[in-house]
């Protein structure tokens, strides 16, 4: 990096929106290539947001009005509900096959968004919170100033599902979940270099539908059309930040051919077997 | 807060809402530690997602910029998971580059920290600082003219106060 670093004054002007577009772009380009300046920019952006929050509070105190966007937006309250992805009742199993049973021998893996996630996130079977008579699995995140998360993930070969619409579903129960928990299904393509997998689509529980706070057992599902060139499918249950989420009856089903792709393969029969890891 | 009546949103109003709130969405992503290019990209995807959900009738309310910021932060985390998934395929559990810093979202306590630090500033400096933030989009030169001070004095004061506020925030995170 031969170009001079961004000055404190320039950073201030940047986050306050005082710069001309060309100048703003120059600073962005520099920060994109200069980690120290990117870090400074991030800190200035955070400071700016905190100042804006303080100013909102100040105006509130003057006007004695309601707590504005900051309280809801920047802190915790992701809205509950979200009819577009949440299904009332048991996930439909007709014309479906379950991948998360005998076909998947790999245990669920706990992955972290952050290097020290292992110190704050843990998972275990929880006989104290059964679902339909079977123990559930709990994923727990300790409260922290960090806002990252962890997820329980499985992956398997995509070959059987190419050109099909698949659904990942599970029952979730939450306790004091701060930034949302939900499901995700993704497709990846392994190229000539196995260390450079390419994303080929994913579907996630959206923020307005994520499990936030404390909620009893609720059925969740996400669906994805698996492209013809995918090689690996990943499914995961994610927990952002802190709280506890219990998981029961995870299923991976074919719900039909993908409407966007040609396929003549019919879905197989239903198989509600849980992965061994969820039974122990 | 900007609670928008969903039924009256058309393309023009979307453009207006984006113009008004995009900067805060962008800043929220930068504050999470994303580089500017990715923050711009995610901010754009955020608005496209919201517009699509609105078109499909899936938005029950639109409170801005709150909803957009939450959506953007959610997308950022999703992107993070995607990277971890890819990384996990490499059988290497070290976090991928760019996700080893602490992603931050604004904490209520930090807002209080700024309020306290601001109250502790000299009255003159605080007056200038507050005048700037009363109209954050106004050019500094215009605010300086209105206050009857030089632009240089205004900007120096602004820099000094921001430095104090940032130090207070960093102290709070130690």
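Taken together, the values in this text are just the output of simple stated rules run on the coordinates, not laboratory data. Here the structure is a predicted model, which means the values were calculated and not measured. No Cβ is skipped: glycine too gets one built from the backbone with ideal geometry, and neighbour counts run over all protein chains shown.
Some notes on this structure:
- Taking other C-beta atoms within 10 Å as the exposure proxy, B:115, A:44, B:142 rank B:142, B:115, A:44 from fewest upward.
- A Förster radius of 22 Å, combined with the Cβ-Cβ distance separating residue B:147 from residue A:61, puts the computed FRET efficiency at roughly 0.45.
- Label-point separation, residue B:12 to residue A:228 (7 Å along Cα→Cβ), nm: 4.5 nm
- Average other protein chain Cβ within 10 Å of Cβ, residues B:110-120: 5
- If you take the Cα centroid of segment B:49-77 and the Cα centroid of segment B:102-167, the two points sit 30 Å apart.
- Residues B:47, A:217, A:108 in ascending order of nearby Cβ atoms (within 10 Å, fewest first): A:217, B:47, A:108.
- Residues A:152, B:62 in ascending order of nearby Cβ atoms (within 10 Å, fewest first): B:62, A:152.
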